[in-house]
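For reference, the structure discussed in these notes is given below.
The values are calculated or read from the model by the stated rules, or taken from the named source; none is laboratory data. These figures come from a predicted structure and were not determined experimentally. Here the Cβ positions follow ideal geometry from the backbone for every residue, glycine too, while neighbour counts run over all protein chains shown.
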Amino acid sequence: MKILVCMKQVPQKDAPLKLNEAGTWIREDVSYEVNEPDAYALEEALRQKEKHGGEVVVVTAGPARAQQVLREALAKGADRAIHLVDDSFATIDPVSTARAIAAAIESESFDVVLTGLQSDDFGFAQTGVLLAELLGWPHGTIIIGIEKTETGLRLKRELEAGHYQWMDIPLPCVLTIQSGINKLRYATLIGIKQARNKPVKQMTLADVADKLGTNLQTIERLYIPVKQKKTEMLQGSSAEIAKKLVDKLRNEARVI
Amino acid sequence: MIHFRTPIEGVERPRMEADVVIVGGGPAGMACALRLAQLIDAHNAAHPDAALSKENIYLLEKSREAGQHCLSGALLDPRSMRELLPSFEKEAPIDGECTKESIYYLTRTGKRRFPFTPPPMRDHGNYVISINKFVKWMAEKVEAAGITVFTGFAASEVLFDGDAVIGVQTDDKGIDKNGQPKANFEPGYNLHAKVTVFCEGARGSCTKQLVERYRLEDPKHAQVYGVGIKELWEIPTGRIAKGEIIYTLGYPLTTKEYGGAWIYGMRDSLLSVGYVTGLDYEDPRTDPHHAFQSFKEHPVLRGILKDGKMIRYGAKSLPYGGWNSMPRLFGHGWMLAGDSAGFLNSQRLKGIHLAIKSGMLAAETAFDALLAGDASAPELATYKARVDASWIREELYPVRNFHQAFEHGLWQGMAKAGLQHVMGGANLGPDSKAHPGYENMRHVNALNPFREGRMQFLGAAKGDRKLTFDKLTDVYYSGTRHEDDQPTHLVIADLSICNDRCTKEFGNPCQFFCPAAVYEMVEEAGEKSSAPEKKLHISFANCVHCKTCDIQDPYQIITWVPPEGGGGPNYDGM
């Protein structure tokens, strides 16, 4: 199987975030890491390749610093990488990202595209699905199990409340992977050393600009929620208080 | 049952051959790698027929990314950087040049300014930097020069062949808390090297193995340490200018303890503030983290930090012993550089420039050894000769007795240091001796019950969560992360000493000297009777890799070993 894994670099979990001066995004002076579900998508791709042969290619769209995630992927066993390099890739809307990736792989023929089910920073959960639409392929989301069959893949999807769904999907297809589908491997010294000689194809915004369309999304304002704590004493008899309380829980707090 | 980390047995380890392995990617290790690449490049340009390869030169760094475990004030004396990269000032991340400096002696509520700045403390021409950013930048230079940096890999064991060091073993990955391999287990590599350069920082874990095996330290001049606690603060502008330096002595420590504070203006609204406590105090309840918190409550600091916000925390030990305390620097197949070897000027409170210089000299020696095809002790002895012939000796030898002068407190220390200054570093007699600082610690029941004015740093700080913080809150701001399911990397040789003898004699000082709330005495149902007994709990995931426990434990039964590579603090911007 020839597998493409879409990966994203996101601010490290638990990193203390500070807003930038314009209040439109966070300040860049944080540590970055691989988006967690993307790491599982990569691991799944490597396992499928180990079972069935083929090739694993990784792609990211992001600033120069995002090359780190590609290097980590190559060190773990991916064969080659594509880097769509531009600062603007960090903030454009998901359909533009999907279009950029689709344009970057135009000349290739993958059997499967894997993405993490969503990113830890924006959390849109759209890029993978939009990419499937642009490629005209079927897709499956929140995948926690993949098995190759004669006609395609058999998938296990995670639904809510402990329910699962099994489905068959033909190839080629796009799958968005849930964290925990497998156990992540460690990069090895020899893997890191070999990764230095693996090809990383750099593509600029200009290379894909005519395919992008209009970016329809900008962040107007980002702010930290103001902590509000209000104490209100309910007065009256027990029955009245209970009635008021139910009313407030239902109509104001909307928890019942 | 606590399972302590030890290399897993009975597995086949992958082996890699190297020309030079540099253990630790701080300023010393990065300078060593960079200098080595420069020498090889120059050699290859001059002798294309006898070219040397950089392919098999590796640097191991246990943090996930370069610079994340580096902590310092930090002030950089640019001398060695100018030798390494003459135009570094144009491209390196530098916050500001030192413009103004002052020293205060603090009493509980007052301050007295020193009428003049003693010459060694004059910092004009030095740079305020973030050592984290600076080392990250150096790492980029090293990689661009063609040297492979393995981040997320610790050297856990030294590999010996008879009398020679033949490399290191990297950390085992994927071991669970009971010491069993997990599904993704990866055994550590045996990384064989012709030359291994240890630049692990203060109290390096491999360096400790070497020091013990080869008896590298002179027992009359034991290394002595301090622990620096640091916070990064955002403050309203206009209080401390970029490049402004303030040192303080005195409060909250008494004149019996060694220590002091720094305040560096990194930007007009960003402040590096920290407090160093000498690890040679006598009261086992001394809590260096508490000392730092109390320091911030002094009116001078309250004024500076008012309405500010703490954004980062860290702690790290530093070697103070100076020239006479330095261990032997070389042997068959190995060299020591940077803080691991004690390259620090405790009078000027600076070590980065010396770490860089020592790394460069080690690189020059390693380069000669590669050319000669000989890494034996006599060949590597030229490293020591290079150090002796360099300005390192010129700088360190005259201050060799400085820290030792303070053994009997601040006033005697100042008098002796003043005298040394006039006498070219000599005492009115032989050079001072030094014994390990933990030997000064006294039994709890031998202490003056009136605590001798030490209330402000005994026991754990509570914190008001605005100006002062408890340890757990601070640890959160250190960005520390470890894989939870792994063996405990604070290896205690005999837990029964902790739970019984130490409780009676010293009152478990680990709870206090650890600046990251790793050690805690927790009540458990007793084994013999139903009465609850206090047992030591080790929250290793809080560990900020400062090595204070390894240094200061009065029984010397704690051995700090590296946890799974990639774990530890994240000193971004520190």
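Quick rundown of the values:
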item: Matching residues, the range A:183-217, being more than 9 Å from every other protein chain (Cβ to nearest Cβ), part of a loop (DSSP other than H, G, I, E, B) and in contact (Cβ under 8 Å) with a residue 60 or more places away in the chain; result: A:Lys198, A:Pro199, A:Gly213, A:Asn215, A:Leu216, A:Gln217
item: Among residues of the range B:163-186, those that are in a strand (DSSP E or B) and on the phi > 0 side of the Ramachandran plot, counted; result: 2
item: Unmet criterion (only one of (1) part of a strand (DSSP E or B); (2) away from chain A (no Cβ under 14 Å); (3) of a type outside the set (Val, Ile, Thr)) for B:Ala37; result: (1)
item: Qualifying positions in the range B:118-135 - over 14 Å from B:Phe88 (Cα atoms), at pLDDT 95 or above and part of a helix (DSSP H, G or I); result: B:Ile131, B:Asn132
item: Hey, B:Val149 crowded, with 24+ Cβ neighbours inside 10 Å and either in contact (Cβ under 8 Å) with a residue 12 or more places away in the chain or within 12 Å of chain A (Cβ to nearest Cβ) (or both) or not; result: no
item: Members of the range A:1-56 found to be more than 14 Å from chain B (Cβ to nearest Cβ), over 30 Å from B:Tyr571 (Cα atoms) and hydrophobic (A, V, I, L, M, F, W, C), listed by number; result: A:Met1, A:Ile3, A:Leu4, A:Val5, A:Ala45, A:Val56
item: Residue within the range B:280-289 that is touching a residue at least 40 places away in the same chain (Cβ under 8 Å) and within 15 Å of B:Trp233 (Cβ to Cβ) present; result: no
item: Test: residue in the range B:154-162 that is in contact (Cβ under 8 Å) with a residue 60 or more places away in the chain, buried (at least 20 other Cβ atoms within 10 Å of the Cβ), within 14 Å of another protein chain (Cβ to nearest Cβ) and part of a strand (DSSP E or B); result: yes
item: Test set (1) exposed (fewer than 15 other Cβ atoms within 10 Å of the Cβ); (2) over 23 Å from B:Ile551 (Cα atoms) - B:Ala446 fails condition number; result: (2)
item: Residue satisfying condition, being touching a Leu at 6+ places or on another chain (Cβ under 6 Å) and farther than 29 Å from B:Gly259 by Cα, within set B:Ala33, B:Ala42, B:Ala92; result: B:Ala33
item: Given (1) surrounded by 17 or more Cβ atoms within 10 Å (Cβ to Cβ); (2) within 14 Å of chain A (Cβ to nearest Cβ); (3) among the aromatic types (Phe, Trp, Tyr), number of the condition B:Phe402 does not satisfy; result: (2)
item: Qualifying residues in the range B:555-574 (those that are within 14 Å of another protein chain (Cβ to nearest Cβ) and over 21 Å from B:Asp474 (Cβ atoms)) - the one surrounded by the fewest Cβ atoms within 10 Å (Cβ to Cβ); result: B:Gly566
item: Any pair with Cβ under 8 angstrom, 6 or more apart, that starts in the range B:499-523 at a residue that is under 24 Å from B:Gly226 (Cβ atoms) and ends at one that is in a strand (DSSP E or B) and small (Gly, Ala, Ser); result: B:Pro515/B:Ala315; B:Ala516/B:Ala315
item: Where A:Gly77 falls short, out of the listed (1) away from chain B (no Cβ under 13 Å); (2) of a type in the set (Gly, Ala, Ser); (3) surrounded by 18 or more Cβ atoms within 10 Å (Cβ to Cβ); result: (1)
item: Condition met for B:Tyr555 (touching a residue at least 40 places away in the same chain (Cβ under 8 Å), under 17 Å from B:Pro284 (Cβ atoms) and assigned to a loop (DSSP other than H, G, I, E, B)); result: yes
item: Test: residue in the range A:41-55 that is assigned to a strand (DSSP E or B), farther than 23 Å from A:Gly180 by Cβ, in contact with a strand residue (DSSP E or B) (Cβ under 8 Å, 6 or more places away or on another chain) and at pLDDT 95 or above; result: yes
item: Failed item, numbered, when A:Gly180 is tested on (1) within 14 Å of chain B (Cβ to nearest Cβ); (2) over 21 Å from the mean Cα position of the chain (by Cα); result: (2)
item: Selected residue (criterion: surrounded by the fewest Cβ atoms within 10 Å (Cβ to Cβ)) from residues of the range B:1-52 that are without any contact (Cβ under 8 Å) to a residue 60 or more places away in the chain and among the small types (Gly, Ala, Ser); result: B:Gly10
item: Strands (runs of 3 or more DSSP E) within the range B:215-305 that include 2 or more residues modelled with pLDDT under 95 and of a type in the set (D, E, K, R); result: none
item: Among the candidates B:Leu336, B:Leu344, residue that is assigned by TED's automatic domain parsing to the domain that holds B:Val21 and without any contact (Cβ under 8 Å) to a residue 60 or more places away in the chain; result: B:Leu344
item: Residues (away from chain A (no Cβ under 14 Å) and of a type in the set (Phe, Trp, Tyr)) located in the range B:286-341; result: B:Phe292, B:Phe295, B:Tyr320, B:Trp323, B:Phe330, B:Trp334
item: Selection count, the range B:116-146, where residues are touching a Phe, Trp or Tyr at 6+ places or on another chain (Cβ under 6 Å) and within 13 Å of another protein chain (Cβ to nearest Cβ); result: 1
item: Matching entry among B:Pro219, B:Pro236, B:Pro299, B:Pro284 (being surrounded by fewer than 23 Cβ atoms within 10 Å (Cβ to Cβ), more than 23 Å from B:Lys111 (Cβ to Cβ) and not basic (Lys, Arg)); result: B:Pro219
item: Pair list, Cβ < 9 Å and 6+ apart or interchain, from the range B:236-258 residues that are farther than 15 Å from B:Ser294 by Cβ to residues that are of a type in the set (Lys, Arg) and surrounded by 20 or more Cβ atoms within 10 Å (Cβ to Cβ); result: B:Lys256/B:Arg454
item: Tabulated pairs, the range B:470-489, first closer than 18 Å to A:Ser31 by Cα and outside the structural domain of B:Gly152 (by TED's automatic domain parsing), second basic (Lys, Arg) and not in a loop (DSSP other than H, G, I, E, B), C-beta under 6 angstrom, 6+ apart or interchain; result: B:Tyr477/B:Arg312
item: The range B:163-181, residues that are hydrophobic (A, V, I, L, M, F, W, C) and either out of contact with any helix residue (DSSP H, G or I) (no Cβ under 9 Å at 6 or more places or on another chain) or more than 12 Å from chain A (Cβ to nearest Cβ) (or both); result: B:Ala164, B:Val165, B:Ile166, B:Ile175
item: Residue within the range A:119-127 that is under 19 Å from the mean Cα position of the chain (by Cα) and under 30 Å from B:Ala155 (Cα atoms) present; result: no
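Residue-by-condition table, conditions (1) over 27 Å from B:Gln38 (Cα atoms); (2) more than 14 Å from every other protein chain (Cβ to nearest Cβ):
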{"residue": "B:Ala183", "(1), (2)": "yes, no"}
{"residue": "B:Phe198", "(1), (2)": "no, yes"}
{"residue": "B:Arg213", "(1), (2)": "yes, yes"}
{"residue": "B:Ile229", "(1), (2)": "yes, yes"}
{"residue": "B:Ile235", "(1), (2)": "yes, yes"}
